[in-house]
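Step one of this worksheet: look at the structure below.
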Amino acid sequence: MNETLPTQPCVALVDDDDDLREATTQLLSLAGYRVMEFSGGAEAARAIGPDFEGIVISDVRMPGMSGVDLFRLLQERDRDLPVLLISGHADVQMAVDALKAGAWDFIEKPFAPDALLAAVGRAAKARRLVLENRALRQAAQSATSHAILGETPMIRRLRDMVPVLGQSDIDLVIEGQTGTGKELFARCIHRASARARHRFLTVDCAVIPPAIVEKEMFAHGGLLSACHRGTLFLDNLDQAGGELQSRLAQFAEKRAIALETRQPEAVDTRIMASMGEGGRDRISDALYHRIAGVPLRMPPLGERRADIPLLFAHFLNQTAERLGRAPPPVDDSIHALSAREWPGNLRELENFAERFCLGLEEHRDSPPAKGNATLPERIDAFESAAIRQALMEAKGEIARAIGLLGIPRKTFYYRTKRLGLDLRAMRAEIMNNK
């Protein structure tokens with residue numbers, strides 16, 4: 001993922017009142033926000049484009065382009081950009097109409113500093129999540145293989161090695177835990193090599209009975225003939241028996257089969273092999289040193305936890321595409337996956353993403369409230385869960401869900417906007433899981 005999200009939230013503040021703009025800027029700056037000031041809507045419109053990294057606060061009544069006009073223009077560019085409108089009493093109805101049209105929130109003058117900061121905090125959090133998900137999906141969709149998808153230093157280094165190793169014909173051995181993507185990484189190198197037009201033959205050394213080693217692997221026209229001019233991938237090499245290792249060592253040296261006959265068959269192939277973590281001691285020196293021109297190691301997820309959200313998004317997209325449905329929405333709880341243990345590594349995470357896409361894993365719109373969560377955070381988490389539960393019971397029918405919640409329709413839409421809930425995505429998820 002090449003895009004990095006800002007660590008200091010950004011706020012575009014649009015107000016033609018110099019004194020109020022200066023005071024609001026000071027308030028936001030002290031609260032830790034990076035503020036971009038604009039004295040008018042037209043000036044702000046020129047600077048704010050799609051994928052703007054922050055949120056927008058705009059006064060409603062301004063000369064030239066009003067705050068409502070600015071909101072409508074920005075919504076056309078990015079419908080997920082939070083725009084908070086500040087209005088005087090006379091402009092409340094105008095702001096309410098904009099809220100119905102998709103504005104994030106409106107605050108009536110004179111406003112309490114705490115109320116503004118609370119609204120800005122919710123909007124900034126929602127914006128960060130939107131941009132994060134966009135970056136995750138973009139990176140996931142452009143990835144050639146999830147074995148080397150990620151931005152941790154060890155994965156970047158492995159990814160940078162693919163074209164280098166592809167240009168070479170040197171043999172290599174890849175070490176790693178189960179499910180880390182050893183074969184997928186080998187396939188990436190094969191596809192980057194001049195042998196890509198020919199076969200990538202996988203031989204699982206753990207399941208080859210000794211009786212067929214001679215008959216089906218090393219004879220004329222045997223299994224190894226199929227990888228001529230291509231790549232031979234010896235999976236689970238550390239689990240190969242002694243006889244098989246001995247014959248493989250001979251093959252690696254001669255690159256030929258049927259050596260005991262008058263006309264041995266030459267096999268032009270590149271050898272790649274995989275072994276489990278610490279499996280070197282189970283491979284004979286005669287074999288290992290003939291094929292380990294480049295020893296590599298695929299790291300487990302526990303050593304690249306920062307990549308887990310991106311990998312999860314990648315697997316989620318893959319599953320949704322295969323099932324012909326929209327990917328279910330994800331929220332901040334995606335980051336909790338990084339703290340979990342994944343002994344099955346990529347394979348286990350992929351299975352989890354598939355269950356999640358099928359609605360077989362629990363999903364929360366907000367992460368569970370921690371013991372030190374503030375009262376507003378706990379209330380927001382409770383309301384998010386209540387709205388989702390009502391929608392599920394109403395089978396996606398919003399009018400029925402509002403009735404189950406027992407609140408006015410305007411209040412329902414107001415609260416979902418404040419909580420950053422995507423009703424369209426939630427309904428789609430519920431309808432797909434019927």
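The values are calculated or read from the model by the stated rules, or taken from the named source; none is laboratory data. These numbers come from a predicted model, not from an experiment. So basically every Cβ, Gly included, is an ideal-geometry build from the backbone, and we count neighbours across all protein chains shown. The protein model used for the area step is the full one, side chains on, heavy atoms only, and it has no ligands, DNA or RNA in it. Shrake-Rupley method; radii C 1.70, N 1.55, O 1.52, S 1.80 Å.
Observations on the model:
- Database remark: amide H of T202 closer than 5 angstrom to the amide H of F233 (H placed geometrically; neighbours at sequence offset of 5 or more, or on other chains; Pro and chain starts carry no H).
- Taking all protein chains as shown and a probe of 1.4 angstrom, H289 keeps an accessible surface of around 130 Å².
- Three-way shape label, the stretch 1-77, alpha-carbon gyration tensor, a/c 1.5: oblate
- When R77, R305, R72 are compared by accessible area at a 1.4 angstrom probe, the order from most to least is R72, R77, R305.
- The angle between the Cα long axis of helix 375-393 and the main principal axis of the chain comes to about 70°, on a 0 to 90 degree scale.
- Each label point was placed 7 Å from the Cα along the Cα-to-Cβ direction; for D268 and K395 their separation is 6.5 nm.
- Modelled FRET efficiency - R0 35 Å, A47 with A115, Cβ distances, 0.05 increments: 0.85
- Order of exposure, largest accessible area first, which applies to D78, D169 with probe 1.4 Å: D169, D78
- The simple spin-label model puts a point 7 Å past each Cα toward its Cβ; for I170 and A385 those points are separated by 5.5 nm.
- Value of [θ]222 nm, deg cm²/dmol, for the chain, DSSP H segments ≥ 4, -39500 (n - 2.57) each, nearest 500: -14000 deg cm²/dmol
- Under a Gaussian network description of the chain, with springs only between Cα atoms under 10 Å, the residue in E277, E354, E76 that fluctuates furthest is E76.
- The amide H of A273, built 1.01 Å from its N in the peptide plane, has L172, V173, I174, L234 as neighbours under 5 Å, considering only residues 5 or more places off or on other chains.
- Under-5 Å amide H pairs with C10, H placed in peptide plane, nonlocal only: R34, I55
- When peptides 177-184, 32-39, 80-87 are sorted by average Cβ neighbour count within 10 Å, with the highest value leading, the order is 80-87, 177-184, 32-39.
- For a label point 7 Å along the Cα-to-beta-carbon line of R61, residues of the stretch 8-46 with backbone N under 18 Å: 14-21, 40-41
- A straight chain from D97 to D78 at 0.36 nm per residue would run longer than the Cα-Cα distance by 4.9 nm.
- For Cα Rg over 2.2 N^0.38 Å, the value computed from the atomic coordinates appears in the list [x] 0.93; [y] 1.32; [z] 1.00 under label [y].
- Tensor-based shape of the stretch 163-222 (alpha-carbon gyration tensor, a/c under 1.5 rounded, otherwise prolate or oblate): oblate
- Each residue was assigned an accessible area with a 1.4 Å probe, and for R415 the value is about 60 Å².
- In this structure the chain gives 49 Å² per residue of accessible area when probed at 1.4 Å with all protein chains present.
- Phi angles across the stretch 111-120 convert, under the Karplus curve 6.51 cos²θ - 1.76 cosθ + 1.60 with θ = phi - 60°, into 3J(HN,Hα) values of 9, 7, x, 5, 5, 5, 5, 5, 5, 5 Hz, Gly and Pro given as x.
- Among I174, I308, I107, the largest mean-square fluctuation in a Gaussian network model of the chain (Cα springs under 10 Å) belongs to I107.
- The figure for F111 is an accessible area of roughly 40 square angstrom, using a 1.4 Å probe on the protein chains alone.
- Against the main long axis of the alpha-carbon atoms of the chain, helix 18-30 sits at an angle near 40°.
- Across M298, M94, the residue with the most accessible area heads the list, and the full order at a 1.4 Å probe is M94, M298.
- Label-point separation, D17 to S338 (7 Å along Cα→Cβ), nm: 4.1
- Highest-MSF residue in the chain out of L421, L259, L234 [GNM, Cα springs under 10 Å]: L259
- Net length gained if the chain between N351 and T411 were fully extended (0.36 nm per residue, minus Cα distance): 17.7 nm
- The simple Förster model, with R0 at 30 Å and r as the Cβ-Cβ distance, assigns V207 and L358 a FRET efficiency of 0.45.
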